[in-house]
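Following: one structure in structure tokens, then a few remarks.
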Amino acid sequence: MTSPAYARGDDRLPMLAAPADPEPLLHRWRNADRDTRGIAEVSCTVHDGGLWVRVVAAGPDGPIDWGAVPAAVHADLTVTGGGRALAEPVMDELRTRHYADVSATDSGPAFAASFDHGFQRVLVQARINLGLLVVAFFTEFLDGSGRANYYHREVFVRDGVAV
Amino acid sequence: MDYRAGSEPDPHPPAPLDLVPILGTWWNTNHRTMGITKVELVVRGRTPWMRVWAADPLDGPHEWGEAPVTAVYADGPFSSVVAGYTATFELGHARTAIQANLNLGLTILAAFTTFLDGSGRANYLSREFYSQVGEWP
């Protein structure tokens with residue numbers, strides 16, 4: 001095998017030696033804004049060894065199910081949070097008021113997916129940040145309607161039960 | 001008019017996007033990055049092009065060359081305010097898909113790298129912040 005190639009220092013990171021585990025994503029995620037006119041929920045599941053993502057949008061006449069598409073899982077180099085959303089406070093003889101700076105974070109891999117609705121295509125990028133799923137949507141209209149391609153971002157909260 | 005979200009069925013056509021806010025040279029706000037250090041966006045003809053430079057402490061800086069911006073996005077379907085763009089760099093051993101958005105004077109670059117070289121490395125996302133006022137020495 002030839003030596004791997006590098007396009008930047010990040011390509012050398014030891015954390016890339018193991019594939020990203022999609023498990024932290026495997027939930028139904030509900031929009032933190034109940035009044036959103038965009039995306040109401042995102043669900044992540046594993047089928048046939050791959051990650052699948054389902055999106056349900058908030059339509060003017062009720063929910064619009066986009067269906068499920070395969071998604072590419074990516075290790076997220078930029079995780080933050082120090083595990084504050086999951087880790088218990090440090091305990092010793094007295095209950096401490098600070099939290100450990102643990103290396104395990106309430107984070108997970110990112111994913112990228114694409115929904116093709118015929119008249120529009122939506123690129124979806126998502127990552128976990130402090131227990132939230134932060135999702136960016138890049139919507140491209142293909143129907144000549146004159147609408148502008150647009151970017152928007154929404155934040156989703158994990159349902160209690162994994163799907 | 002078809003739609004897939006409640007924000008989309010509005011009858012007012014937008015004005016053409018003004019690309020100026022995404023153009024120029026953008027510097028990574030983190031001078032210790034091991035990722036993308038600088039990007040430059042220019043328009044040639046009607047197409048915006050993106051050029052990328054990256055850091056590598058073991059091998060020196062890498063210039064990725066130039067790729068066309070594949071799509072530019074407004075901040076809403078009836079807006080002419082630019083809010084993001086996408087581009088893809090074919091690097092031989094890997095493909096990096098850039099998905100960028102603007103926020104508070106910064107460009108935030110999400111870079112999804114997929115390895116194509118059979119090295120077994122995990123595909124990864126990096127997400128960093130870029131400013132036009134923080135030029136590196």
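The values are calculated or read from the model by the stated rules, or taken from the named source; none is laboratory data. Fair warning: this is a prediction, and the values are worked out from it, not measured in the lab. As a convention, Cβ positions derive from the backbone with ideal geometry for all residues, glycine included, and neighbour counts pool all protein chains shown.
Annotations
- Some residue of the stretch A:55-78 being β-branched (Val, Ile, Thr), within 7 Å of chain B (Cβ to nearest Cβ) and either assigned to a loop (DSSP other than H, G, I, E, B) or out of contact with any strand residue (DSSP E or B) (no Cβ under 9 Å at 6 or more places or on another chain) (or both): yes
- Sub-6 Å Cβ pairs linking a first residue in the stretch B:115-135 that is touching a residue at least 40 places away in the same chain (Cβ under 8 Å) to a second residue that is crowded, with 21+ Cβ neighbours inside 10 Å and acidic (Asp, Glu), at least 6 apart or interchain, are B:SER126/A:ASP10, ordered by first then second residue.
- Any hit, the stretch B:83-101, residues being out of contact with any Pro (no Cβ under 7 Å at 6 or more places or on another chain) and at pLDDT below 95: no
- Hits in the stretch A:127-148 - residues which are without any contact (Cβ under 8 Å) to a residue 60 or more places away in the chain and within 21 Å of A:ALA72 (Cα to Cα): A:ARG127, A:ASN129, A:GLY131, A:VAL134, A:ALA136, A:PHE138, A:THR139, A:GLU140
- Any hit, the stretch A:129-138, residues being at pLDDT below 90, touching a Ser or Thr at 6+ places or on another chain (Cβ under 7 Å), assigned to a strand (DSSP E or B) and closer than 21 Å to A:VAL53 by Cβ: yes
- Sole exception among (1) in contact (Cβ under 8 Å) with a residue 40 or more places away in the chain; (2) assigned to a loop (DSSP other than H, G, I, E, B); (3) surrounded by 14 or more Cβ atoms within 10 Å (Cβ to Cβ) for B:GLY6, by number: (1)
- Residue in the stretch B:35-46 that is within 12 Å of chain A (Cβ to nearest Cβ), buried (at least 20 other Cβ atoms within 10 Å of the Cβ), in contact (Cβ under 8 Å) with a residue 24 or more places away in the chain and within 22 Å of A:LEU123 (Cβ to Cβ) present: yes
- When the stretch B:94-124 is limited to residues that are of a type in the set (A, V, I, L, M, F, W, C) and more than 28 Å from B:VAL20 (Cβ to Cβ), the one that is farthest from the other protein chains (Cβ to nearest Cβ) turns out to be B:LEU116.
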